[in-house]
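The values are calculated or read from the model by the stated rules, or taken from the named source; none is laboratory data. Here the structure is a predicted model, which means the values were calculated and not measured. Cβ coordinates were reconstructed from backbone atoms using ideal geometry, including for glycine residues, and neighbour counts include every protein chain displayed. What goes into the accessible areas is simple: the full protein's heavy atoms, side chains included, and nothing from ligands, DNA or RNA. Shrake-Rupley method; radii C 1.70, N 1.55, O 1.52, S 1.80 Å.
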Amino acid sequence: MLHLLGVNLPDQKVVSVALTYFYGIGPLTARKICSRLSFHKECKLSELTEGQLNQLSGVLSEMTIENDLKRQVAANVQHLRQIGTYVGKRHAMGLPVHGQRTRGNSVTAKKLNGKMLRKYSTVADTAFTRQAMGMFQSPLSKHQN
Amino acid sequence: MLPSLVACSRSVWKGPYFVHFANLKESIASGTPIKTMARACTIMPHMIGARFMVHNGKEYLPVRVTEEMIGRKLGEFSHTRKAFTYRLTKNK
């Protein structure tokens, strides 16, 4: 296990796969980083030298990943909620944002949407209370004066 | 976050779509709301401080324009569907 920038990366994996373990890096970005630093396609993390690892952490620290990215996303959602848009209200209610159907099939949305907004909640976090909170919040946003 | 890039489905060379409101200055000064059905109107800098009553198909909902709303449309702040509430019907 290699510890890099606050994340434990599995040693025996190929570099471009191991990099996806960062929040904010997927397969495309990982491959781009590897080609930028001229790492061999099948090179494993444990085979990298000290210098190469330093280069890697240099490149990674330039990008917004992990906590910086999470903060950015949370700030974006907060912003939408604050100005009172439809999208913000959907996040507050924990419902799908992009116009999907809610009669059935909104499981992921109910689980994940608006997580950043629930930080300071003192109420138990169930679907019912989330809806109730959303109900209380949306009328308030109308009278934003 | 760049607000102007948000509503970027319209090509940039065309410029944003917005409606000229005759009583805009009056609204900003005195706070009288402007009734409008132009939900697709992009919020421009000269509209800050104005109060609109935006149509949602049935009623007119109040929207107070702030600086952070620039680049979005008026319709985003006037929800069109009633929030789902479950009331247990006492039919036996």
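Residue separation times 0.36 nm, minus the C-alpha to C-alpha distance between A:Gln82 and A:Leu112: what's the value? Provide the component values of the computation, followed by the final result.
Working: separation 30, 0.36 × 30 = 10.80 nm, distance 1.92 nm.
This chain segment gains 8.9 nm when fully extended.
Peptides A:84-91, B:32-39, A:38-45 ordered by packing proxy, namely the average of other Cβ atoms within 10 Å per residue, highest first: A:84-91, B:32-39, A:38-45. Amide H to amide H, with H built 1.01 Å from N, B:Arg72 comes under 5 Å of B:Ile43, counting only residues 5 or more places away or on other chains.
Counting only protein heavy atoms, probe 1.4 Å: which residues of the stretch B:36-82 lose 40 Å² or more of accessible surface in the full assembly compared with their chain by itself? SASA drop of 40 Å² or more in the stretch B:36-82: B:Pro62, B:Arg64, B:Glu68, B:Arg72, B:Glu76, B:Phe77, B:His79. What part of the accessible area of the stretch B:15-77, given as a whole %, is carbon or sulfur when the probe is 1.4 angstrom? The value for the stretch B:15-77 is 59 percent carbon and sulfur by accessible area. Considering only B:His55, B:His20, B:His79, the Gaussian network model of chain B with Cα springs below 10 Å gives its largest mean-square fluctuation to B:His20. Taking a straight Cα-Cα cut-off under 20 Å and skipping sequence neighbours fewer than 8 places away in the same chain, the lysines within cross-link reach of A:Lys110 are A:Lys70, A:Lys89, A:Lys119, B:Lys82.
How large is the accessible surface per residue of chain B, computed with a 1.4 Å probe and reported in Å² as a whole number?
Details: 6490 Å² over 92 residues.
For chain B, the solvent-accessible area averages 71 Å² per residue.
Identify, among B:Thr85, B:Leu24, B:Gly75, the residue whose Cα sits farthest towards the positive end of the charge dipole of chain B, taking +1 on the Cβ of Lys and Arg and -1 on the Cβ of Asp and Glu, with the dipole about the Cα centre. Among B:Thr85, B:Leu24, B:Gly75, the one farthest towards the positive end of the dipole of chain B is B:Thr85. Within straight-line reach of A:Lys44, meaning a Cα separation under 19 Å, sit the following lysines at least 8 residues removed in sequence or on another chain: A:Lys13, A:Lys32.
Taking every DSSP beta bridge that has both ends in chain B, the antiparallel portion is near 65%. Here the label points at A:Asn8 and A:Leu37, each 7 Å from Cα along the C-beta direction, are separated by 2.1 nm in the simple model. Under 20 Å of direct C-alpha separation, and excluding same-chain neighbours fewer than eight residues apart, B:Lys14 reaches these lysines: B:Lys73. Think of each Lys and Arg Cβ as +1 and each Asp and Glu Cβ as -1; about the Cα centre, that makes the dipole of chain B roughly 660 debye.
Sort A:3-14, B:59-70 by packing, meaning the average of other beta carbons within 10 Å per residue, with the highest value first. Don't jump to the answer; show the numbers that get you there.
Working: A:3-14: 13.4, B:59-70: 16.7.
Per-residue Cβ counts within 10 Å, averaged per peptide and sorted highest first, yield B:59-70, A:3-14.
For the stretch B:15-77, a/c is less than 1.5, where a ≥ b ≥ c are the root eigenvalues of the C-alpha gyration tensor. That puts it in the rounded class.
Quick one: go through the stretch B:26-70 and flag any residue whose amide nitrogen is under 13 Å from the point 7 Å out along the Cα-to-Cβ line of B:Ser9. Correct set: B:40-41.
Extension gain A:Ser57-A:His98, at 0.36 nm per residue separation less the Cα-Cα distance, in nm? Numbers along the way, then the final one.
Details: separation 41, 0.36 × 41 = 14.76 nm, distance 3.59 nm.
Taking A:Ser57 through A:His98 to full extension adds about 11.2 nm, to one decimal.
For the pair B and A, the buried accessible area comes to roughly 1300 Å² in total, with a 1.4 Å probe and the value rounded to the nearest 100.
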